[in-house]
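Quick note: the coordinates plus some simple rules give every number you see, no bench work behind them. Since the model is a prediction, treat every value here as computed from it, not as a measurement. We place every Cβ from the backbone using ideal geometry, glycine too, and count neighbours over all the protein chains shown.
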């Protein structure tokens, strides 16, 4: 895949962008926890981070399907860099600004990938490569970020993250095939107000999700899965302290191994049994890790976790027409964001074992809600 020049450019920009984000992902909650000593404040920070996807995400998806995707990617990364630069002055304000921009960048990236590589087996390979790159960064970024925060150098984390957005914007400015099949979701009616058009286009995306069993099943199962994961992440910060970065790094190693086999699995096995088995495996890992306790077992959960991420992304791209891909992607992102908010709110109320059982229960949900059939 890396011999494909356009994919190589898109992949490189995505990886550079993600490095700064992974550096920041645990640095912010750890910085907040060290500053306040409050689990509740840490949970509020996660909720603030997820709020833009709930309020802006769906609208962003409709607009991404109307605008040139390359322009969205470049301007979105520039805006995200500005938001990150605000973090030393206002954590919540900076997180809001950054994640509003990300609401546009993420669906544009999801929609750009099939436009760059097509919808054949190369799409599965491209998703696997992206997951593999993310896995390496998951190993390197969190421990580096938490180490810097532990040394009192939160500003360095901010500078690196802002720079990663700027470099990604420069690379994506040269991405020429991202807009190859982009276009408005419906024909314009003369005299029709732009808000009416956007609402109609947004409704088209939501209707497709609700009427497509694969898409609606993915939304439901991933919501429960990410709610439990978000709650467990909140509880990991006070439980593991600064070493949580190394724990997430181990999880990244598991993700790297899972990414290596994801393409083979998603092209060979049907989505329903594959996701059901992977959800069950993640749930078992969490139950064992927190019941024993043996926190390093969480790293093993990265293997099926990576397969889940690649399979969901691949299946959404395959099940959605290109003209609706931005909107459908943001439905998934908004659902995941609401799950993060719910997880942040329930984390002080539920124990780690209960949350781990929730993950295990998603396997049964996947078997009931997802359609059968071939890969």
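Hey, fewest Cβ within 10 Å first, where do 65, 161 land in order?
161, 65
Assuming R0 = 30 Å, what is the FRET efficiency of residue 354 and residue 41, from their Cβ-Cβ distance, to the nearest 0.05?
That pair, residue 354 with residue 41, gives E of 0.85.
Specify whether the C-alpha gyration tensor of segment 16-80 places it in the rounded, prolate or oblate class, a ≥ b ≥ c being the square roots of the eigenvalues: rounded for a/c under 1.5, otherwise prolate if a/b is larger than b/c and oblate if not.
oblate
If you build a Gaussian network model of the chain, linking Cα atoms that sit under 10 Å apart, which residue out of 164, 319, 335 swings the most?
It is 319.
Can you work out the FRET efficiency for the pair residue 2 and residue 213, with r the C-beta to C-beta distance and R0 = 56 Å, to the nearest 0.05?
For residue 2 and residue 213, the calculated efficiency is 0.95.
Calculate the radius of gyration of the Cα atoms of the chain to one decimal place, then report Dmax, the largest Cα-Cα distance, as a whole number, both in Å.
19.5, 65
Please give the FRET efficiency for residue 140 paired with residue 82, using the beta carbon to beta carbon distance and R0 = 22 Å, rounded to the nearest 0.05.
0.30
Can you compute the modelled spin-label distance between residue 90 and residue 322, with each label point 7 Å from Cα toward Cβ, in nm?
4.1 nm
With a ≥ b ≥ c the root eigenvalues of the C-alpha gyration tensor of segment 58-121, is it rounded (a/c under 1.5), prolate (a/b larger than b/c) or oblate?
prolate
If each residue of separation counts as 0.36 nm, what is the full-extension length gain between residue 163 and residue 260 once their alpha-carbon separation is subtracted?
Here the answer is 32.0 nm.
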